[in-house]
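The values are calculated or read from the model by the stated rules, or taken from the named source; none is laboratory data. Keep in mind that what you see is a predicted model, and the values were worked out from it rather than measured. No Cβ is skipped: glycine too gets one built from the backbone with ideal geometry, and neighbour counts run over all protein chains shown.
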Amino acid sequence: MLIDPRDWPSPACGTKEERLQAHRRLWVVAVAAIALLALGACSKKAGTGGSGGSAPAGSGPPGAAGIDYQALSGTVNGSGATFPKTFYESAIGGMRAKAPNLTNNYAGGGSGKGKQDLADQVVDWAGSDSTVKPDDLGKYKGGTILYFPTVAAPITVSYNLADVGSLKLSPSTLARIFQGEIKAWNAPEIQADNQGTNLPGTPVVVAHRSDGSGTTSNFTRYLKAAAAADWKLDAGDTVSWPADSQAGSGNSGVAQIVKSTKGAIGYVDFADAKASGLQLAAIKNRSGNFVAASLQGASAALAGATVKPDLTYDPLDAPGDNAYPITAPTWVIVYERQADATRGNAVKAWINYVLSDGQVLAPTVDFAPLPEGIQRQAVAQLDKIRIG
């Protein structure tokens with residue numbers, strides 16, 4: 001895989017955060033190349049050719065047959081969830097080696113923007129961590145939509161307390177913190193979750209998303225399910241947060257607030273939380289265990305999820321001793337009918353790549369790959385995409 005010299009980060013350009021992001025993008029491209037070369041070597045050694053035998057551990061299914069990546073050309077555009085943005089950037093970089101004549105752009109902007117852009121036919125595909133409301137389906141100008149699950153990951157509860165290296169939070173306490181009822185870190189409710197820990201009287205600063213967000217939807221749906229008696233703000237891509245809370249754009253915006261604000265707490269995707277070096281709370285799951293955010297915990301939550309016929313599913317507040325309870329799914333959403341054959345074939349190939357080779361890349365950028373059963377259902381659904 002060749003790396004365009006324009007992709008190399010310049011140490012003299014941009015802010016510190018921009019330089020770090022540039023280095024991170026280059027690392028993702030390099031890891032994508034290494035992972036794909038390794039996968040190809042393993043397939044040849046095993047004699048599977050990508051179509052038979054057992055897949056390597058953690059890899060996706062073989063994918064749909066008959067896709068000629070070399071023949072793809074033009075440009076396709078996506079927008080939406082920032083939660084899986086790092087993964088999609090990694091997968092786009094990996095696919096570039098197979099489809100060098102195709103340009104695939106992903107703008108982020110939040111799940112709400114992605115869904116609206118797709119409804120208005122501004123983009124060819126949307127990334128979303130939340131589903132479309134039934135009442136909004138008629139607003140999609142291109143007709144019937146399809147959900148393709150891609151990866152999953154923990155939504156972390158990140159905090160900034162320099163002298164508290166370990167923090168545990170039950171759903172009830174978490175709900176009361178985020179709706180502004182608990183004002184100080186040494187409140188009795190937090191202390192009850194953390195017996196023997198010396199908590200400071202530092203004021204609690206709640207950080208949340210300013211944009212319409214699937215991360216917000218999943219986090220608030222978790223609180224509505226796990227702390228029904230305490231959570232009063234309902235659930236959705238946006239909610240009415242307390243007036244004294246702080247808002248950031250995208251997962252990275254919330255991460256920056258938490259990192260720079262003493263006493264802050266916010267919900268942040270796993271990849272951005274790790275990249276920012278944030279402290280992560282352990283959350284009490286349905287089995288009564290306090291579980292820290294991890295890919296293993298996310299996979300444990302996925303294991304018990306029930307998949308609906310449209311391939312939507314819900315791993316939030318999942319059962320299981322080791323399940324991380326705030327595990328979020330995410331989807332690529334596209335139109336069933338692709339009127340433009342060039343773009344339609346590119347979109348279909350992109351989804352196929354995400355569901356096959358892309359699954360190998362997921363753990364390298366802190367996402368959990370799909371369970372094999374969900375992967376295969378999603379690949380089979382590619383046949384529903386009608387071109388022309």
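Scanning region 283-304 for residues that are buried (at least 19 other Cβ atoms within 10 Å of the Cβ) and hydrophobic (A, V, I, L, M, F, W, C) returns ILE283, VAL291, ALA293, LEU295, ALA298, ALA300, ALA301, LEU302. Residues that are β-branched (Val, Ile, Thr) and either closer than 18 Å to PRO329 by Cβ or in the same structural domain as LYS274 (by TED's automatic domain parsing) (or both) within region 69-115 comprise THR82, THR86, listed in sequence order.
Within region 248-274, work out how many residues are of a type in the set (A, V, I, L, M) and modelled with pLDDT under 95.
Filtering region 248-274 for residues of a type in the set (A, V, I, L, M) gives 254-255, 257-258, 264-265, 268, 271, 273.
Still in the list and also modelled with pLDDT under 95: 271.
Of the residues in region 248-274, 1 are of a type in the set (A, V, I, L, M) and modelled with pLDDT under 95.
Can you find a residue that is assigned to a loop (DSSP other than H, G, I, E, B), surrounded by fewer than 18 Cβ atoms within 10 Å (Cβ to Cβ), free of Cβ contacts under 8 Å to residues at least 60 places away in the same chain and out of contact with any Pro (no Cβ under 8 Å at 6 or more places or on another chain) anywhere in region 173-183? Scanning region 173-183 turns up at least one residue that is assigned to a loop (DSSP other than H, G, I, E, B), surrounded by fewer than 18 Cβ atoms within 10 Å (Cβ to Cβ), free of Cβ contacts under 8 Å to residues at least 60 places away in the same chain and out of contact with any Pro (no Cβ under 8 Å at 6 or more places or on another chain). Cβ-Cβ contacts under 6 Å between residues 6 or more apart (or on different chains), taken from a first residue in region 103-129 that is assigned to a loop (DSSP other than H, G, I, E, B) to a second residue that is among the acidic types (Asp, Glu), are listed as GLY110/ASP211; VAL123/ASP117. The helices (runs of 4 or more DSSP H) found entirely in region 290-388 that carry 1 or more residues being farther than 30 Å from ALA192 by Cβ and in contact with a helix residue (DSSP H, G or I) (Cβ under 7 Å, 6 or more places away or on another chain) are 341-355, 357-361, 372-381. Selection within region 264-273: residues that are closer than 14 Å to VAL157 by Cβ and not acidic (Asp, Glu). The member of this set that is surrounded by the most Cβ atoms within 10 Å (Cβ to Cβ) is VAL268.
Being over 22 Å from GLU372 (Cα atoms), aromatic (Phe, Trp, Tyr) and in contact with a strand residue (DSSP E or B) (Cβ under 8 Å, 6 or more places away or on another chain) is the requirement here; does TYR324 meet it? So TYR324 fails the test.
The set of residues from region 57-80 being in contact with a helix residue (DSSP H, G or I) (Cβ under 6 Å, 6 or more places away or on another chain), modelled with pLDDT of 95 or more and assigned to a loop (DSSP other than H, G, I, E, B) comprises just one member, LEU72. When region 193-216 is limited to residues that are under 16 Å from the mean Cα position of the chain (by Cα) and crowded, with 24+ Cβ neighbours inside 10 Å, the one that is nearest to PRO154 (Cα to Cα) turns out to be THR215.
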